[in-house]
Each structure stands twice: as C-alpha cells, then as structure tokens.
1. If you go through the stretch 329-388 one residue at a time, how many are in contact with a strand residue (DSSP E or B) (Cβ under 7 Å, 6 or more places away or on another chain) and among the basic types (K, R)?
2. Name the helices (runs of 4 or more DSSP H) wholly inside the stretch 1-107 in which the number of residues that are in contact with a strand residue (DSSP E or B) (Cβ under 7 Å, 6 or more places away or on another chain) and farther than 27 Å from I304 by Cβ is 1 or more.
3. Give the stretch 1-59 a look and list any residue that's farther than 28 Å from R245 by Cα and among the charged types (D, E, K, R), or say none.
4. In the stretch 383-422, which residues are free of Cβ contacts under 8 Å to residues at least 12 places away in the same chain and within 26 Å of A305 (Cα to Cα)?
5. Show the residue pairs meeting these rules: Cβ distance below 7 Å; 6+ apart or different chains; first residue within the stretch 312-337 and within 17 Å of D251 (Cα to Cα); second residue not in a helix (DSSP H, G or I).
6. State which residue is surrounded by the fewest Cβ atoms within 10 Å (Cβ to Cβ) when the search covers only the stretch 284-302 and only residues that are away from ligand 2 (no atom under 16 Å from the Cβ) and modelled with pLDDT of 90 or more.
7. Mind checking which residues of the stretch 83-134 are more than 16 Å from ligand 1 (Cβ to nearest atom) and under 18 Å from L428 (Cβ atoms)?
8. Can you name every residue in the stretch 1-17 that is under 18 Å from L163 (Cβ atoms) and within 18 Å of the chain's Cα centre (by Cα)?
Amino acid sequence: MSAPTFLEPWQLRAAFARSLSDMYGKEVPAYTTLLEVSHEVNADFAARHGADAERLGSIARVTAERHGAIRVGTPTEMAQVARIFGAMGMHPVGFYDLRDASSSSVPVISTAFRPIEREELARNPFRVFTSMLVPADRRFFTADLERRLENFLAARTLFGPELLALADRAEAEGGLPADQAAEFLRLATQAFELSDEPVDQAWYRELEAVSAVAADIGGIASTHINHLTPRVLDIDDLYARMEARGITMIDAIQGPPRWEGPDVLLRQTSFRALAEPRTFRTADGEIVRDALRVRFGEVEARGIALTREGRAAYDAAVIEIDEAAAAARAEDPGFAEAQRQEIARGVWQQTFPSTESELAAQGLGWFTYEPVTDSAEGPAVVRQPVVYEDFLPRSAAGIFQSNLTSDGAKDASQEGTDRDADWMAGALGRELNDPFDLYADQVDRSLAGAAETLGVDPA
Ligand code: OOG
Ligand code: NI
C-alpha cells in the first residue's frame, strides 16, 4: 500500500493514536506489558467466541482502540486542545464534574474528545478524556492561591503557534498534505511528552498539599499524557493475567459487576501509578532528582450504551450497591471486595434483564436495526447493540482517586463554583455534544436506512 499524499481527519486521528502509543510505550514500559496481555486476552476471546466476539466492534477496531487522558489548566488551553483534536475529527462530547464525584481532591471538570459519527468511530474510535482545573473553586483553593495559579498558567505555552496553525488548516481544509501532516503529528505528539524541565519544588509541593491533580496540572510548565488505555473483550481475564505477571492492580474493577447478562457501559481497572524520575529546582536554586507517582496504566471493556432510562436505572443501582456494601461493612470489619461484588451482582440481577432482547424491549439499551435482504424468510432486520463510546464520572473519579498519593485537602464548608455543560461549551468555543443525542441519532439513522432498503414506512 503506498503512503497517502493527503491525510484526512480520520487518518490523522489513527496516526496520532499510534504515535502517542509508541511514545508512551517508551516512557512507561509497563504500558507495553499491558498491551501484550491485552492482545493475548482479545485473541483468546475471539478464538472462544467466533463471530460473536465482534458484536461490539470488529477485532481490527478493538485492537487499535485506545483512550487517552490529559489535563489542562485554563479555558484558553482547553480551546487550543479542541482545535488540535478538531483537526483529527474529534469533537467534545459530554460534561463530567469530578469535584463532587469523590470524597478526595479532584478539582477538575472534564469532557471527552471523540469521533461522533458511526462511520468515523468504525474507522478509528480514538478518544481523549480531557480535564481542566477549576482554580476558582474555594473548596480547594484560597483566593491567594487561585491568583498565583492563574498567573503561573497564563505565563506558560503548552501548544506552539505552528502546531495550532497546522491544526486550523487541517480543520478548515478537511486534512493535510503528507508533509504537513507529518509535522503536525510530530508537534502534537511532542506536546504530550513528559518534560525534563526542572519543576519548582516549593510550588509543586504547595499545590500537592491541596490536590495531587492540581500539582500535576498547575505545578509544571508543560503537560503530558496521563495514561493511554487499551480495550479488552474480557476484563476479568485481563485482571487475573496481570496479577499473575506480578503487576499489582487497584482493588476493584470500576463500573458494572461481572454477571451472566449483557455487558453495559464501561468496566475499567488500572495498575497503580509508577514512580518516575523527575528533576526539581529547590528554593535555593539547587537541582535535585526525585520521583513522582502520577502516571498509571488503565484498561477497559466496553458494553452496550444505555438510554436515559437505562442510565437512570444504572445510577440507582450504583447507589443501592454503595448503601448495601456500607451496611455489610459496618457489620463485618473483614468485608472484602469479593463480597462487594456479590452484592453488586445481586442488585444487577434485580435491575437489568439478562438478555439483549429484553434490554431492547424495555427501552434500556440502544440498538440499531440492519436490513438483511437475502435471508431465507425474505427481507428482515437484525438488531445490533450500540457500543458505549463515553466515560462514567464515578469510575473516572475512582480511577483518579485510586492513584492519588494523598487525599489532599478539600474544605467542604466552602461553596463550590458553578460549572456546567454550557460553561464548558463557552470555554471550548464550540458546541458540546450530548452523548444521548448522538446515540439516538445513530439509532434513528439505522431505522431510516433499514426502512428505505426494505421499502417500508419507518413508523
Ligand atoms: C482522567 C481519569 C478518567 C477514565 O478512563 O475514566 C479516565 C485522568 O486521570 O486524567 O481516564
Ligand atoms: Ni482513563
């Protein structure tokens, strides 16, 4: 296959995902182990399940599939990130407020950049969970610390003018000629490399006392990819194989429990943040080497996307599991994760039907309908599950939290600052897509397409 002379947004996206993955593998060797184990798990799953293994995405898609996580400090930086991802056909979807989603200090709000059309998702579904610091939130930062943070952030440049100009050109012209594409990809990858620049030790530690996430974002003059997450078809198998290799995973798999019914939404787990050498400048101007534990490895399994009703049932189930687990823990000091999972499974059996057809019939999950015109019984439609392409605030907070070195300090007596989806859209200078609307569109289009093929009225 000859190299393309012009790269379209999806080609830039696929190439960027590969380039980040290569870079991250060099920076974090345990990530390479995670990829190896993920490939083994997926190959074995495909061998066991045949064509059924591909119901939620082709093996080619799943093998290349990654999500990344990045963290920025200001609306200006957020809007620049939106231009870079816009060049790759990745658009902001969803609003996540992690400030309340956990008991410890995660002073950020987030969105995810991802492709939004079905064909684009099938070509390459790369998505990046992007968080932004909220220095104005008084539960975390005093007015004085807010002012110093804002000054620090305003003085740095994460993304240079050349990178942004190439991004704008790609977005305006629907891609880039090969030489400019190569330069764009080089600069974009470089922007997310871990920098060797000495970190101001006193400043970093002052922020860390409030929140390790705040220090990671606002304590250094550059940014970096925080993690890159492969997708597996059996996350319980992955978890067991990683532990067998001697890599300590966090205690739990976040999200729905393992159970006999259809997998929905997203299950995620990670291994703990690794100590990475970093250079600091002390208050006396001395350069010292130290280590920081910030970046980790995460892996995920994706299930069927839930409708608003399905999601409400999910949210209620999560609360029910929490309450039941808290009660059981109060009774039994030896209460362990395995017991929590038992409780979760029980709640699941009462909340969700155990088959895909019931999930569809009860309007809890999204399904498309594909026409088959060559079936023996004449024209028919086949139901296909829609894969969940987004994130879960609760799991995201859990992933952040399980990797923090300290809880930080959150002053619950102070008022939080209002931030919502409209505010985020304003910061981005772009429309913020609603995930439910995107799934509904996908389903509507499939119905219209099936009706047209079969020559019937979709109603
Ligand atoms: C983002 C944590 C959230 C996920 O998969 O839910 C996340 C971060 O650590 O910056 O990546
Ligand atoms: Ni993640």
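1. 1
2. 9-27, 29-49, 75-86
3. E8, R13, D52, R55
4. Within the stretch 383-422, just D422 meets the criteria.
5. These pairs meet every condition: R329/F335; E337/D251; E337/A252.
6. Per the stated criteria, the residue is D284.
7. Selection gives R83, I84, G86, A87, M88, G89, H91, P115, I116.
8. R13, F16, A17
The values are calculated or read from the model by the stated rules, or taken from the named source; none is laboratory data. As the structure is a computational prediction, the values presented were derived from the model and not from experiment. For neighbour counting, all protein chains shown are included, and Cβ atoms are generated from backbone atoms with ideal geometry for every residue, glycine included.
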